[in-house]
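The values are calculated or read from the model by the stated rules, or taken from the named source; none is laboratory data. Since we're looking at a predicted model, the values are computed, not measured. Ideal geometry is used to build each Cβ from the backbone, glycine not excepted, and the neighbour counts take in all protein chains shown.
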């Protein structure tokens, strides 16, 4: 199998989300680093007209694809023939999509805005910091409640739906301004015991151990197991 090219930046959750799935499925990959200044111009916009990361180029099927959730779904449907990270049964397969959509529409955007207003915005806007900080906590609360009495979001195993959340979860301290003098919203992991147990279980997986060890690298690759 030829390596899949992933268009990548270090310490960015969405590209790392895709790498987690590549690692879980044992797929070979190689990164192509994209500078911020290159995102909105050629040749990258020919690959992703939205000028965001990640994107992939799979020479095994000839597809170029962008949007992390679409990429994850493609990898699962194309390469997870053993249903390691998914289900083919009703209603589980629809519950998986439910959580994947929640991650894309609920977690990613709100966590991302928390990062922006707590870390990168040129002036402090307490109302925006509070708004997105509280939304971050609300999303965590939803997950914590739904994980009460069970280990995983769907069924009895870790799936792509769980793993979709893990990298943004890992950014919570950063998103709330831990590296920028702190923000107005406090977060205590002990207030969300089910969420914290789930996150720690995912971080203990070999795929996450690998991804966390390379997350700050500009060049990443794997020969895979296929």
Checklist line | Residue identified as in contact (Cβ under 8 Å) with a residue 24 or more places away in the chain, more than 20 Å from residue 81 (Cα to Cα) and in contact with a helix residue (DSSP H, G or I) (Cβ under 9 Å, 6 or more places away or on another chain) among 44, 33, 29 | finding: 44
Notebook entry, point to check: in the same structural domain as residue 187 (by the TED database) and under 15 Å from the mean Cα position of the chain (by Cα), is that true of residue 132?
Noted result: no
Notebook entry, point to check: Residue check: is residue 195 at negative phi, within 15 Å of the chain's Cα centre (by Cα) and not in a loop (DSSP other than H, G, I, E, B)?
Noted result: no
Check: Within the set of pairs 6 or more residues apart or between chains, which connect a residue that is surrounded by 13 or more Cβ atoms within 10 Å (Cβ to Cβ) inside the stretch 90-105 to a residue that is modelled with pLDDT of 95 or more and assigned to a helix (DSSP H, G or I) with Cβ atoms less than 6 Å apart?
Finding: 96/161; 99/161; 100/69; 100/161; 100/164; 103/164; 103/165; 104/69
Check: For residue 77, all conditions in the list (1) within 25 Å of residue 213 (Cα to Cα); (2) assigned to a helix (DSSP H, G or I) hold save one; what is the number of the exception?
Finding: (1)
Note to self: Suppose we keep only residues that are surrounded by fewer than 18 Cβ atoms within 10 Å (Cβ to Cβ) and touching a strand residue (DSSP E or B) at 6+ places or on another chain (Cβ under 7 Å) within the stretch 28-65. Which one would you say is nearest to residue 224 (Cα to Cα)?
What the structure shows: 28
